[in-house]
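This report concerns only the one structure given below.
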Amino acid sequence: MSDAPSTIMAERPQPGLLDRAATTVSWALGGALFLTVGWFAMEPDDPLGPVSAYARQGGLMMLIQAAALSGVAAGLATLIAGRRVADIGTFAASLGLAAVSLRGATAEYLLLQGADHSETFEHSIALSFAIEAVGWLFVVLVAVAVSALVMRWCFGSTETPDPKRADASPDVVHLLAGFDFPRMSARCFGVSSQRQTVSTDGIRHMLITAGVGLAAMAVLSAGLRWRSIQHGQVCFVVAAAVFIGTYAACRMVPVRSALWSILAVGLIALVGYLWAALRPEVAGLPPNIPSSHFLRILPIQLIAVGTTAVLLAFWYVFVPYSEANSGLGNGGRAPERKGST
């Protein structure tokens, strides 16, 4: 038996009918905003093109508009269901981004277009995807920050509930990704360092998520070498790989929020696309079949679907714990599950 103090566990609260309805409405709102207003901001110049910053003029302005819409979707979803579901705003925004990407074509469009201009087009596309992935990660982080702002403004202090306001569940406050930014959250939201993940643990968690996710993505993509690119295949591979990576990291190095796994999705994108840019191309493949499986994935889908999978995995792994054990005893980590010693 370990000498460390045991963690008092609480039962996982079961959402009521109103909570479930609010959650469903927030998800639908995120999808509706991006499929209507968002489509006008992100629609490719070619009606047959994909949703990508490189498929329309003014790609940077497209990302800025998407970030603004992401903040609006996250804020509204947090107002509707943020009291009972942590990071519901970020989930709604990432779900909307994933949904709008399905209205466009797959990465095959860009591969065929690049093949007409250069023999080494895959390397240039991979570098472009890496840069674009950073932009979409920024869009998701805007949703994370806005969710934290709305929680702080509408539901009182992160340390003690405001009796004049409808306070949020303590578990939601402890789990919110926007409250876990090192230093920044303390300055902007008044979150004490004791309620944040230790930075070294966060970095280890991020690296494990990225490493396991990359390995799982390689395994899941092994049988797709000669298959045409389809949205369903791409989204499944990303979602499954990131879910596995987040689950493994939460078991090995627990953290207080999903922030570090969300950052790991960005790391997966950078490592994957940079590897695709550096590896030699496979001869004999048709132009619509890339040498690297990462080039099957549009940056918006890797970041949006990956973030959605992160939050689903984190909600699944999380076990509520008592307020009495949420202090310094766990060293900034999430509580252990029952049966641990």
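Set the Förster radius R0 to 45 Å, insert the Cβ-Cβ distance between residue 219 and residue 153 as r into 1/(1 + (r/R0)^6), and round the FRET efficiency to 0.05.
Taking R0 as 45 Å, the efficiency between residue 219 and residue 153 is 0.55.
Using the basic label-point model (7 angstrom from Cα toward the beta carbon), what is the residue 194 to residue 21 distance in nanometres?
Each label point is offset 7 Å from its Cα along the Cβ direction, giving 4.0 nm.
Would you work out the Kirkwood radius for the stretch 17-330? I mean one over the mean of 1/r across all pairs of different Cα atoms, in Å.
Computed over Cα pairs of the stretch 17-330, the Kirkwood hydrodynamic radius comes out at 19.8 Å.
Would you work out the relative contact order for the stretch 17-330, in percent, from Cα pairs under 8 angstrom that are 6 or more residues apart?
Worked out over the stretch 17-330, it gives 23 percent.
Residues in the stretch 273-309 near a label at residue 36, defined as backbone nitrogen under 20 Å from the 7 Å Cα→Cβ point?
none
Can you tell me the length gained on complete extension of the stretch residue 240 to residue 120, counting 0.36 nm per residue apart and subtracting the Cα distance?
40.2 nm
Once both labels are modelled 7 Å past Cα along the beta-carbon direction, what's the residue 102-residue 275 spacing in nm?
Inter-label distance under the simple model: 2.8 nm.
Tabulate in residue order the Karplus-calculated ³J(HN,Hα) for the stretch 51-65, using 6.51 cos²θ - 1.76 cosθ + 1.60 with θ = phi - 60°, rounded to whole Hz; enter x for Gly and Pro.
Working through the residues one at a time gives 7, 7, 5, 9, 9, 7, 6, x, x, 5, 5, 4, 5, 5, 5 Hz.
Could I have the simple spin-label model distance between residue 282 and residue 203, label points 7 Å from Cα toward Cβ, reported in nm to one decimal?
Using points 7 Å along Cα→Cβ, the separation is 3.6 nm.
What is the set of long-range amide H partners of residue 105 at a cut-off below 5 Å, with H atoms built 1.01 Å from backbone N?
Distant-sequence amide H within range of residue 105: 49, 51.
Where a number appears in this text, it was derived from the coordinates with a stated rule and is not lab data. Not measured: the values here are computed from a predicted model. Positions of Cβ are backbone-derived with ideal geometry, glycine not excepted, and every protein chain shown enters the neighbour counts.
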